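Presented below is the structure to which this report refers.
The values are calculated or read from the model by the stated rules, or taken from the named source; none is laboratory data. Bear in mind that the values here come from a model prediction, so they are computed numbers and not experimental data. A quick note on method: Cβ atoms are made from the backbone with ideal geometry, for glycine too, and the neighbour counts reach across all protein chains shown.
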Amino acid sequence: MKTSLLILLLLCVFHSFSSYSQTVQKIGKTEILFQLNDRAVEKDQEFFVVDSTGKKRALVKVTVFNSQQAKAKIIKGKVEDIKVGMRIADRSPANIGETTTAQGLPSGLKSKYSWGALGSYMMNSMNAKFSYNNTNQTASMSGSGFGALGYFDYTLNKDLQIRALGGLEQFSAKQSKETAVCAKGTSGDCNVSISYLSMYGVGKYNITKSKNKFWVGAGMGYLMAMSKSSTVLDTSLITSNQVLSLALGLDMGLGGNKILPMSLEYSLFPSSATVSASFISLKVGIGFGM
């Protein structure tokens, strides 16, 4: 029994030692050198330097490495607070100076969640075919509108995120005709104006893994018409619609937990025999939780 307890104790001690075996070996003016002990790292991977009490003293980023050691640049914290023998820990959501007892997310990700609000400027286009006095007509309409949405990002890993959005958007477009063929022959102003309650789901792939994340994405949207008017469309048929979206964006870290999200998105409505429509939206906002 005593032998078993001794073996168990030795195993626990060995596990604890191996868990904290990545330690600072040398300290320069702006960089440190730490041992890897066969652990795999990547260039630009970020780690915390942690003291014996578990308090985070600095954030460092790997610049060069081999199978035994890694050199890392100090990107947050003071070099005076780092001592030889301090351990290296995976980056987690805690800030410098806070104590941590658990590993965080993969390098470069401070939180699994972020959220915020976006303002949207929409450039809309629609082609609509209709008939007036037994003559086929086509209205090639364009215009702009605005939107206000909230968003929520969930991080799957350092490469992939899922963004959910919801809010109000305005689809407005028009064309002026020389003759009165719109509104059943009473106006030359062909137009459509629809206010949507919009919901989107977008998959994001992070091209860069740094504080400023460039990303590309694709997704779908479900749009419910809240109000509608048109001089070329039968508004009784306008209820809800879906769109397919492609996006290019940047989530810019502002310091702390603040984010400046920006994106350019192209959304396409399903076409019918008489109507085709799309819009390009430029979204900018403020977010938290990065």
Residue hits (segment 173-190; among the charged types (D, E, K, R) and part of a strand (DSSP E or B)) are Lys174, Asp189
Select from segment 244-265 the residues that are without any contact (Cβ under 8 Å) to a residue 12 or more places away in the chain and either touching a Pro at 6+ places or on another chain (Cβ under 9 Å) or part of a strand (DSSP E or B) (or both) and write down the one among them that is nearest to Ser187 (Cα to Cα).
Leu254
Could you grab me the full set of residues in segment 191-243 that are assigned to a strand (DSSP E or B), among the hydrophobic types (A, V, I, L, M, F, W, C) and surrounded by fewer than 18 Cβ atoms within 10 Å (Cβ to Cβ)?
Leu197, Met199, Phe214, Val216, Ala218, Met220, Met224, Ala225, Met226
All positions within segment 219-244 that are more than 24 Å from the chain's Cα centre (by Cα), of a type in the set (Val, Ile, Thr) and under 17 Å from Ser272 (Cα atoms):
Val232, Thr235, Ile238, Thr239
Which one is nearest to Arg87 (Cα to Cα), of the residues in segment 1-24 that are of a type outside the set (Ser, Thr, Tyr), at pLDDT below 85 and not in a helix (DSSP H, G or I)?
Gln22
Inside segment 131-151, can you point out the residues that are surrounded by fewer than 20 Cβ atoms within 10 Å (Cβ to Cβ) and either within 14 Å of Val181 (Cα to Cα) or in contact (Cβ under 8 Å) with a residue 60 or more places away in the chain (or both)?
Ser131, Tyr132, Asn133, Asn134, Thr135, Asn136, Gln137, Thr138, Ser140
Which of the residues spanning segment 234-249 are in contact with a strand residue (DSSP E or B) (Cβ under 6 Å, 6 or more places away or on another chain) and farther than 30 Å from Lys204 by Cα?
Thr235, Ile238
Residues being surrounded by 15 or more Cβ atoms within 10 Å (Cβ to Cβ) and either assigned to a strand (DSSP E or B) or not assigned by TED's automatic domain parsing to the domain that holds Thr138 (or both): count how many of those fall in segment 269-280.
5
Report yes if Lys283 is in the same structural domain as Ser195 (by TED's automatic domain parsing) and in contact with a helix residue (DSSP H, G or I) (Cβ under 7 Å, 6 or more places away or on another chain), otherwise no.
no
